[in-house]
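The values are calculated or read from the model by the stated rules, or taken from the named source; none is laboratory data. Here the structure is a predicted model, which is why all the values come from computation and not from measurement. We place every Cβ from the backbone using ideal geometry, glycine too, and count neighbours over all the protein chains shown. Each accessible area value is taken on the protein alone, full model and side chains, heavy atoms only, with ligands, DNA and RNA left out. Shrake-Rupley method; radii C 1.70, N 1.55, O 1.52, S 1.80 Å.
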Amino acid sequence: MTDHSRSRSGISDTGLISTLRISRATFYRRLQDGTITPPAGRVGKRRRVWTLAEIELAKEQLQAQKERT
């Protein structure tokens, strides 16, 4: 079975959602409101690729957001 959430250089949104243990709705809401900074890398026109550094940053950003509320 192939893991479609991974690419050679990182993971997709689906993989990050699983890693962060948040819902899809929360993930996209946090991207929209600027809590999570989107990654620089993309595969094609639409698909984001999250590197290890960007994954750690997203974790820190979510933690900081939780501490503010």
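Note on segment 11-69: the C-alpha convex hull projects to 3.8 nm² when averaged across all orientations.
Projecting label points 7 angstrom from Cα along Cα→Cβ for S9 and R42 puts them 1.3 nm apart.
Helix-derived [θ] at 222 nm for the chain: sum -39500 (n - 2.57) over DSSP H runs of at least 4, divide by residue count, nearest 500? Helices in the chain give a 222 nm mean residue ellipticity of -15500 deg cm²/dmol.
Annotation: amide H of I36 within the under-5 Å range of L31, sequence separation 5 or more or interchain, hydrogens built in the peptide plane.
For R48, the residues whose modelled amide H falls within less than 5 Å of its own, excluding neighbours fewer than 5 places apart on the same chain, are D13, V43. Computed in the context of the full set of protein chains, the accessible area of the chain at 1.4 Å probe radius has 50% of its extent on carbon or sulfur. The residues of the chain expose, per residue, 74 Å² of accessible area to a 1.4 Å probe.
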